[in-house]
Structures are given as structure tokens and as C-alpha cells.
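Report on one structure; see the data block that follows.
The values are calculated or read from the model by the stated rules, or taken from the named source; none is laboratory data. Keep in mind that what you see is a predicted model, and the values were worked out from it rather than measured. Cβ sites come from the backbone with ideal geometry, for glycine too, and all protein chains shown count toward neighbours. Side chains are part of the model used for accessible areas, which takes the heavy atoms of the whole protein and leaves out ligands, DNA and RNA. Shrake-Rupley method; radii C 1.70, N 1.55, O 1.52, S 1.80 Å.
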Amino acid sequence: MKPNHGWSDPIIRAKRIAGMKRARAAHGAGSPTPDLDAMRTRDDGSHDGGASQLEAGSPLENNGGHAFIITGAASPDKQELLPMRPQLSTDEAWEQLEGELARSIADLDDDEFLIITRKDRHYFVQFAGQGGFGMRVEAVSNAYLKIEEKLSKSACAKLVTMGWNPPCNPPEGPNGEGHKPDGSPNYFLDIGLPVLYDRVATLREVHAVIHPGGLRYKAFGKGGCEIRFPNLRIARER
């Protein structure tokens, strides 16, 4: 028995017929309709019934001067090559993060928070929306760091040089005792409206994050409602 190469399969047969019809339409309505039995015979490799033999290495079959494409594959010369977008350099990635971070914190409402943390250490910068009062920004101090992660004296001095207010309150107790509205146990800034933030260098220079890919973020509002900032292009803490 000769192999039918899929002609008995109704799906394959329908696809091939559709391809031949498209080829016929492309060559004009007056083109002759292909003989399906002849095409099946040629697909089997036999040459009876007056069917012409396929040219060696050719995917097309000539039938009365008309070629029929039976695979449906795109012609290589018609395939569009899309330009590849080059990857950002490290400096460009930091510049992009700074711009997107400014847009993100501008969207924070009262009692909404955005925390950006180094993935492998507890180094963080956090933003707390305060409505019409502006925003509180804090960078972690040694009060919340393990011994092996504590900031060096030079790193602490650099934070102050960069404009951060030094820690001036002890950490709060487990039930909020000792809380003071002014000052913070962390390095802190109180920023008025409009909120402008240009201290991404804290993450890069003090927290020693080489690339923004080494960061992750967490954002939430009242009741723990999660907020997403996909424009930051860094991982979201789950």
C-alpha cells in the first residue's frame, strides 16, 4: 500500500486545499483548479496519471505552469526581522530606576508605603505617603541590622553627607511605645510637595547594590492592601 502522507487526515487535507486555493487566487481566477487525486499521487511519490515529477530539492509542484504551496509556511523573503532592543548599561538602568521611582512615589497617597530592599541583605529605603504634608523617607540604620550587616562608620558618615538626617530616636517597643512623630531611629528625610527624590545613590553607593536587578520592592496601603509598581522593573516581594 502506498503512503498517503496525511491526505486521509481531514484536517491536513483541509489545510492543503486551503493553501492551494490561496495560491490559485494569487495567480488569477482563471488558473486551473488542481487535481487533488493527482496531487495525492504525486505526494505518494508515484508518477502515473500524467503527473509531472517534482524537481529535486524543490518544495513546489508545477501543474500547468502554476505552482502550489502545500505547507503553509511563510516564504523566507517575506519574514519580517524585528530589531533587537539593546540591554541598558548599568548607569542607564540606574537612571531609569530613578525616573520611575520619582513617578511611583508621586502616586503614593496618605498612609501608603513603598519599600525598596536589597535582595540579599536587610538594607532598605522606605517611602511613607503623608497626604498634604508630603512624604517621610527613611534609610535603614544599624538599629535594625544584624551584626554582620551593620553599616561601617564611613557609610554612616556618607549618609549624613548626602543629606540624610541622622537617627535621633530609639526604636519603638513591640506595642508602639516610645513612638515620636519627629525624628526616627533610621536615617530620615521629610519631603514637602511636590515630592522630588534624587537619592538613588543611597542604594548604589551606601548599600552597595551594583545593579537595580539586585533590588526588590514591596508596596501596600491601609489594611495591608498590596500596591504594584511594574514600571520600576525590579522584582516584587511576595
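Rank Met162, Met84, Met135 by accessible area, highest first, at a 1.4 Å probe radius?
Met84, Met162, Met135
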Measuring from label point to label point, each 7 Å out along Cα→Cβ, what is the His211 to Asn169 span in nm? 3.9 nm
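So if each residue of separation counts as 0.36 nm, and I subtract the Cα-Cα distance between Glu92 and Arg236, what length gain in nm does that give?
My answer for the length gained is 49.8 nm.
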What area, in nm² and to one decimal, does the C-alpha convex hull of region 115-238 cast on average over all directions? 8.5 nm²
Want the number for Asp107 to Arg85: 0.36 nm per residue separation, take away the alpha-carbon distance, what's left? 5.0 nm
